[in-house]
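To start, the structure itself, in C-alpha cells.
The values are calculated or read from the model by the stated rules, or taken from the named source; none is laboratory data. Since the model is a prediction, treat every value here as computed from it, not as a measurement. Positions of Cβ are generated from backbone atoms using ideal geometry, with glycine treated the same way; all protein chains shown enter the neighbour counts. Surface areas here come from the heavy atoms of the whole protein model, side chains and all, with no ligands, DNA or RNA. Shrake-Rupley method; radii C 1.70, N 1.55, O 1.52, S 1.80 Å.
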Amino acid sequence: MALTDISRRGLMAAAGLIPAGRAMAAGTPAIGTWIMYEARLRARLADAAGGRFDPAAARELLALSNDARSADDRPALQWSPALAETARAHAADLAGRRYVEHLSPEGFDPSHRLGLIGRRTIGSTSENIAYSRGPQPAGSRKLMDLWRKSPRHWENLLDRRHTAAGFGVARLEDRAGPAVPRVRREPDRPQRREPAAPFHGHFHR
C-alpha cells in the first residue's frame with residue numbers, strides 16, 4: 001500500500017556518552033574503509049540527507065538532559081562543539097541511509113566516529129538512539145521521553161561520570177533524523193587506552 005498524500009515527519013535521536021577516565025578504543029577496519037567512511041561523515045555535515053539540521057532542538061536536548069541530571073543530583077553536562085559535530089554527522093547518516101543502529105553498515109561504532117570527527121577528544125563513548133515518525137513534527141521532549149522509558153538509556157544519560165555532550169538533530173519530511181548527544185572527559189593528562197564503554201540502541205516508531 002502506498003501513501004502519497006500524507007506527509008510523514010519525524011525525529012531520530014542518538015546520544016553518545018563518555019565516562020570520565022576511559023580512553024577511546026581503536027578499531028581495525030581496512031584503511032580504505034576508514035577513509036571512505038570519514039569522507040561520508042564529513043559530507044553529511046553539510047547535507048542533512050535532504051532535510052535540515054535543527055540546532056535549536058539540539059541545544060534544547062542539552063538543557064533537558066541537565067534538568068534531568070539536576071533533579072537526580074548529577075553534575076551538569078557542558079556543550080562540546082566537537083561532540084555535536086560528530087552527532088550531526090551520524091544523525092544525517094542514519095537518516096540518509098535509513099538505518100537505526102549504532103554500527104554503521106561498514107561496521108563502525110560510536111568510538112570510531114568520535115575518533116574520525118572529534119580527533120582531539122579524549123574518552124570512550126556510549127550512545128543512545130531514538131527515532132520518531134508521525135504526521136506531526138516531533139520535538140526534543142519526545143526524544144527525551146523515549147530515553148526516559150528505556151532504563152538502560154536513561155541510566156546512560158544520567159551517568160555522573162559524564163562531563164560534556166553534543167547533540168545533532170536532523171529532520172526530514174518522511175522521517176526524522178537523529179539527535180546525537182555525546183559526552184566526553186575533559187583532557188587533562190594522557191590517557192591509557194582501554195576498551196570502549198558499552199553502547200545500546202533504542203528503536204521507537
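Scanning the stretch 108-133 for residues that are part of a strand (DSSP E or B) and either of a type in the set (Asp, Glu) or in contact with a Lys or Arg (Cβ under 7 Å, 6 or more places away or on another chain) (or both) yields a total of 4.
Can you pull out every residue in the stretch 81-107 that is of a type in the set (A, V, I, L, M, F, W, C) and in a helix (DSSP H, G or I)? Quick ask: steps written out before the conclusion?
Of the residues in the stretch 81-107, the ones of a type in the set (A, V, I, L, M, F, W, C) are 82-84, 87, 89, 91-92, 94-95, 100, 103.
Listed by number, the residues that qualify are ALA82, LEU83, ALA84, ALA87, ALA89, ALA91, ALA92, LEU94, ALA95.
Taken as a whole, the stretch 25-39 holds no residue that is more than 30 Å from ARG160 (Cβ to Cβ), open to solvent by less than 30 Å² (accessible area, probe 1.4 Å), of a type outside the set (Phe, Trp, Tyr) and modelled with pLDDT under 95. Among the residues making up the stretch 58-80, those that are of a type in the set (Lys, Arg) and assigned to a helix (DSSP H, G or I) are ARG59, ARG69.
Here the stretch 95-122 is the region considered, the condition is being modelled with pLDDT under 85 and over 25 Å from ASP54 (Cβ atoms), and the residue that is least open to solvent (accessible area, probe 1.4 Å) is ILE122. Being in contact with a strand residue (DSSP E or B) (Cβ under 9 Å, 6 or more places away or on another chain), at pLDDT below 50 and open to solvent by less than 50 Å² (accessible area, probe 1.4 Å) is a description that applies to ALA20.
A residue that is within 18 Å of GLN78 (Cα to Cα), surrounded by fewer than 24 Cβ atoms within 10 Å (Cβ to Cβ) and modelled with pLDDT under 75 cannot be found anywhere in the stretch 137-155.
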